[in-house]
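Chemist: Could you have a look at this structure, given as structure tokens, before my questions?
Laboratory data are not the source of any read-out in this text; all were calculated from the coordinates shown. Please read these numbers as outputs of a predicted model, since none were measured by experiment. Reconstructed Cβ throughout: ideal geometry from the backbone, glycine too, with neighbour counts over all protein chains shown.
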Amino acid sequence: MNAKPPAIRCQNLVKIYEAGGQQVTALNGVDLDIAMGELMMLVGPSGCGKTTLISIIAGILDQTSGGCELFGENLLALRNKDKLLFRAENIGFVFQAYNLLPTLNAAENVSVPLIINGVKRAEAERRAKQILDKVGLGARTKALPAELSGGQQQRVAIARALIHDPRLIVCDEPTSALDHESGQKVMDILKAVALDHQRVLVIVTHDARIFNFADRIAEMDDGHILKVVNSAAKLK
Ligand SMILES: Nc1ncnc2c1ncn2[C@@H]1O[C@H](COP(=O)(O)OP(=O)(O)OP(=O)(O)O)[C@@H](O)[C@H]1O
Ligand SMILES: [Mg+2]
């Protein structure tokens, strides 16, 4: 028997946004367990709640009701400062829109999580250059985000999510701007992280070219998980 708790446990998760006097139910009772060492992909049509779900899992957004535990912690119950510390140490997040800081160059952007965790600037930038090299950007470490292509910015965002070796890596469409070869290279790196370090990865994607990297794929629609399968061939 495996008595280990899952890395991520969502129970009857509900998220209702209130905007302009309207209510939008983005998650309508999501139950999902994700194990340590697992690479879970989330698929589903636009607006079905994928970004909302991973934002709650990563403690960026509070749920309306239901439970969400990450490594046994209920992030909702943590005080703001503790939550920020927990996230800085344990979570790497690749946002759908990259969210790079426009005035910092590539290496400086990638260094940010290390600096937040107390690493000296010179050491942080040395490690940032190493990881930028791994994602194929070793020659562009001094470029500002505006001087990089969409795919290059996306790889800077991925390097930033990995640099502090977090236990959870959450990626929102990490290969959307990448050609086939760069996409496979990035997925090789992410997959190796899950396998070697007993980390956990949650990846939102529409990109069928990367489905084969998943351990499991959860299909969402309209705020629900429709099914969870072990291989993309079983999705339809
Ligand atoms: N801040 C917000 N305020 C109000 N409604 C929101 C907000 N963010 C998302 N929504 C709504 O919640 C629902 C789920 O949105 P979400 O961004 O989670 O979808 P998604 O599956 O990530 O879509 P996409 O594939 O287009 O990125 C949508 O109907 C969306 O319009
Ligand atoms: Mg989204």
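Chemist: Just need a number here: residues in the range 60-91 that are surrounded by 15 or more Cβ atoms within 10 Å (Cβ to Cβ), closer than 21 Å to ASN28 by Cβ and either within 12 Å of the chain's Cα centre (by Cα) or within 13 Å of ligand 1 (Cβ to nearest atom) (or both).
Modeler: Number satisfying all stated conditions: 4.
Chemist: Does any residue in the range 32-53 that is closer than 15 Å to ASP222 by Cβ come within less than 7 Å, Cβ to Cβ, of a residue that is near ligand 1 (Cβ under 6 Å from one of its atoms) and outside any loop (DSSP other than H, G, I, E, B) six or more places away or on a different chain, and which pairs are these?
Modeler: If the second residue must be near ligand 1 (Cβ under 6 Å from one of its atoms) and outside any loop (DSSP other than H, G, I, E, B), the pairs left are LEU42/LYS50; GLY44/LYS50; GLY49/ALA26; THR52/ALA26.
Chemist: Take the range 165-194 and flag every residue that is within 16 Å of the chain's Cα centre (by Cα) and part of a helix (DSSP H, G or I).
Modeler: GLY183, VAL186, MET187, ASP188, ILE189, LEU190, LYS191, ALA192, VAL193, ALA194
Chemist: So GLU125 clears everything in (1) surrounded by 17 or more Cβ atoms within 10 Å (Cβ to Cβ); (2) in contact (Cβ under 8 Å) with a residue 40 or more places away in the chain; (3) not hydroxyl-bearing (Ser, Thr, Tyr) except one condition, right? Which one?
Modeler: With respect to (1) surrounded by 17 or more Cβ atoms within 10 Å (Cβ to Cβ); (2) in contact (Cβ under 8 Å) with a residue 40 or more places away in the chain; (3) not hydroxyl-bearing (Ser, Thr, Tyr), GLU125 is out only on (2).
Chemist: Still on this structure, please answer the following. Given (1) within 16 Å of ligand 2 (Cβ to nearest atom); (2) within 13 Å of the chain's Cα centre (by Cα), identify the lone condition not met by CYS48.
Modeler: With respect to (1) within 16 Å of ligand 2 (Cβ to nearest atom); (2) within 13 Å of the chain's Cα centre (by Cα), CYS48 is out only on (2).
This table checks each residue for (1) away from ligand 2 (no atom under 16 Å from the Cβ); (2) assigned to a loop (DSSP other than H, G, I, E, B); (3) among the small types (Gly, Ala, Ser).
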residue	(1), (2), (3)
GLY59	yes, yes, yes
ASP62	yes, yes, no
GLY66	yes, no, yes
LYS83	yes, no, no
PHE86	yes, no, no
GLU89	yes, no, no
GLN96	no, yes, no
LEU100	yes, yes, no
THR103	yes, yes, no
